[in-house]
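Heads up: the structure comes next, in structure tokens.
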Amino acid sequence: MLTRKQQELLLFIHERMKESGVPPSFDEMKDALDLASKSGIHRLITALEERGFIRRLPNRARALEVIKLPDSYVANLQPRRGFSPSVIEGSLGKPQAAPAPAAATPSPKPVADNDSSSTSVPLMGRIAAGVPISAIQNNTHDIAVPADMLGNGEHYALEVRGDSMIEAGILDGDTVIIKNGNTANPGDIIVALVDEEEATLKRFRRRGASIALEAANPAYETRIFPPDRVKIQGKLVGLIRKYH
């Protein structure tokens, strides 16, 4: 998955090359995405290259090649800045219990087959358990969640993409149930909004005055941020797994 800014930049480059055959300059990209400096563009270009969406051609200034576009967006591409298609796909299947997490903190509560009552929870988009993706989208539809999974307060659901939380029993394709809130205790699995544009599912830790977003997969590094760059959007209270 791509962040909102990565998507915007990819489509901007794609449309500019369709029009003129020449990639936009870094200044043009910066202005198009309303970024304060070109360093942000460098980071976005690197991320797109690492994910296989573009390729930098050697020994040629401004030489970029768009290799692919996200499959789910191709049918809806529009040649305008700020394009933000829905990323919700499919429907929930039969829920089963999730694997027990390796960590000592309480595991996500899976849906049981014998739930006799349910309540509607808004499905808000996708959340990254891996590289952060775009911030939480608007509600697209509601899903039924067993009432005993929810306590007091407001809740919402997110589809998980990525594998950085597998040792906490959270797999790619799971739907996590989040209790809305802006506080958490160390060890809680939270939805963290980074720099007002990227949302990710990670375990919350403190490192002195900084916030650590910790993966549950040794392949991923813990990311450290000053507190003003991270906003807590809620805590994990359960998950739903679908089987095809």
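Quick notes on this structure:
- The stretch between GLU154 and ARG205, if pulled fully straight at 0.36 nm per residue, gains 16.0 nm over its current Cα-Cα span.
- Distant-in-sequence amide H partners of SER210 (H built 1.01 Å from N, under 5 Å): none
- Aspartates and glutamates with Cα under 20 Å of LYS231, excluding same-chain neighbours fewer than 8 positions away: GLU154, GLU159, ASP188, ASP195, GLU196, GLU197, GLU198, GLU214, GLU221
- Charge dipole (debye, nearest 20) of the range 140-244; +1 at Cβ of Lys and Arg, -1 at Cβ of Asp and Glu: 340 debye
- Contact order for the range 183-244, expressed relative to its length and based on alpha carbon pairs under 8 Å spaced 6+ residues apart, stands at 35 percent.
- Full extension of the chain between SER20 and SER39 gives 4.4 nm of extra length, using 0.36 nm per residue less the Cα-Cα distance.
- Cross-link partners of LYS18 among lysines (Cα-Cα below 21 Å; sequence separation of 8 or more within a chain): LYS5, LYS30, LYS68
- Extension reserve of the LYS68-GLU49 stretch, reckoned as 0.36 nm per residue once the Cα distance is removed: 5.8 nm
- Amide H to amide H, with H built 1.01 Å from N, LEU239 comes under 5 Å of LYS109, VAL111, ILE177, counting only residues 5 or more places away or on other chains.
Values quoted throughout were computed directly from the atomic coordinates according to the rules given, and no laboratory measurement underlies them. What you are looking at is a predicted structure, and each value in this text was computed from that prediction instead of being measured. Here Cβ is always computed from backbone atoms with ideal geometry, including for glycine, and neighbour counts include all displayed protein chains.
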